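Participant: Pasting in a structure now, in structure tokens, and then I'll have a few things to ask.
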């Protein structure tokens, strides 16, 4: 598992602890997920203009019409993935790179696809600044997945799609879990997709609101 490189001079530790307490109060129970939130320096992944709000349990703008999701939503995503530290994970929509960093604490290797080159560049820089090494950020159409590294034990999709992109189902390992918001551009339901033998099982988790997933198998 990756280690966050937050050491001496990090003045945000108390804010991270407060955020962990907030998430516990809101029902997050997975101790590994809470430990990741307490480790990864979210302030490195947000623009300086909103850095004073880095540890609020709130979505924040990161430029280009994109947002860094609310920490509770990201923690719920991670709980649903039920990671043990040995998995290979695909993240569709790296955005700021913060959830990529959380995944790096919980999995063996993380492959994150981001459509917008500038965001991918900033995500790589933030991950490097945080000392997180077991991640690869790729620029491309995330709805196609990333076949060279498939299959994946878990796939997280950080944008809303009208349906589950077929390539992602194809790249999900047997027993794997895929978490994705499904719906229209205005409202979606967070959905857990599991591959059980030859079957694909789905269950809905919570109402959410995400930016649209753009690409060949998402919104046009």
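Participant: Where in the stretch 150-194 does the label zone of residue 82 land, with the point 7 angstrom along Cα→C-beta and an amide N cut-off under 15 Å?
Facilitator: So the set is 153-155, 173-179, 192-194.
Participant: Helix 13-25 versus the longest principal axis of the chain: what angle, 0 to 90°, nearest 10, using Cα atoms?
Facilitator: Between helix and principal axis, roughly 50 degrees.
Participant: Can you tell me the order of 169-182, 46-59 when each peptide is scored by its average per-residue count of other Cβ atoms within 10 angstrom, highest first?
Facilitator: 169-182, 46-59
Participant: Sequence gap at least 6, Cα distance under 8 Å: using those rules, report the relative contact order of the stretch 13-208 to the nearest whole percent.
Facilitator: Result for the stretch 13-208 is 15 percent.
Participant: Report the calculated FRET efficiency for residue 48 and residue 108 (r = Cβ-Cβ distance, R0 = 30 Å), to the nearest 0.05.
Facilitator: 0.40
Participant: Which of the peptides 94-101, 185-192, 123-130 is most tightly packed, and how do the rest follow, judged by the mean count of other Cβ atoms within 10 Å per residue?
Facilitator: Packing proxy ranking, top to bottom: 94-101, 123-130, 185-192.
Participant: In addition: Quote to one decimal, in nm, the extra length available between residue 149 and residue 186 on full extension: 0.36 nm per residue of separation minus the C-alpha distance between them.
Facilitator: 10.1 nm
Participant: For the stretch 32-147, what relative contact order do you get, as a whole percent, if you take Cα pairs closer than 8 Å and at least 6 residues apart?
Facilitator: Computed over the stretch 32-147, the figure is 24 percent.
Participant: Further, regarding this structure: Using alpha carbons only, how many degrees (0 to 90, rounded to 10) separate the axis of helix 71-81 from the longest principal axis of the chain?
Facilitator: Rounded to the nearest ten degrees, it is 50.
Participant: Once you treat every alpha carbon in the stretch 158-199 as an equal point and sum by Debye, what is log10 I(q)/I(0) at q = 0.14, 0.18 Å⁻¹?
Facilitator: -0.32, -0.50
Participant: For the stretch 63-115, state the semi-axes of the equivalent ellipsoid (square roots of 5 times the eigenvalues of the alpha-carbon gyration tensor), sorted largest first and rounded to whole angstrom.
Facilitator: 19, 13, 8
Participant: Just need log10 I(q)/I(0) for the stretch 13-208 at q = 0.10, 0.18, 0.19 Å⁻¹, Debye formula, equal scatterers on the alpha-carbon atoms, no solvent, rounded to two decimals.
Facilitator: -0.36, -1.30, -1.46
Participant: Calculate for the chain the 222 nm mean residue ellipticity that helices alone would give, adding -39,500 (n - 2.57) per DSSP H run of length 4 or more and normalising by residue count, nearest 500 deg cm²/dmol.
Facilitator: Result for the chain, helices only: -8000 deg cm²/dmol.
Participant: Any idea what log10 I(q)/I(0) is at q = 0.11, 0.17, 0.21 Å⁻¹ for the stretch 19-134, Debye with uniform C-alpha scatterers and no solvent?
Facilitator: -0.31, -0.78, -1.22
Participant: Hey, what's the Kirkwood Rh for the stretch 136-184 if you take every pair of different alpha carbons, in angstrom?
Facilitator: About 11.2 Å for the stretch 136-184.
Participant: Mind ranking 29-42, 103-116 by how tightly packed they are, going by the mean number of other C-beta atoms within 10 angstrom, highest first?
Facilitator: Final packing ranking: 103-116, 29-42.
Participant: Oh, and also: Please give the helix 117-129 orientation as an angle from the longest Cα principal axis of the chain, in degrees from 0 to 90, rounded to the nearest 10.
Facilitator: 50 degrees
Participant: Please compute the length gained on full extension between residue 205 and residue 121, using 0.36 nm multiplied by the number of residues separating them and subtracting their Cα-Cα distance.
Facilitator: 27.0 nm
Participant: Using a 7 Å offset from the Cα along the Cα-to-Cβ direction at both residue 17 and residue 138, what is the distance between the two label points in nm, to one decimal?
Facilitator: 4.1 nm
Read-outs throughout are calculated quantities, based only on the coordinates presented, and are distinct from any laboratory measurement. Predicted model, so just to flag it, every value in this text is computed and none were measured. Because the Cβ atoms are built from the backbone with ideal geometry, glycine has one as well, and the counts that use them run over all protein chains shown.
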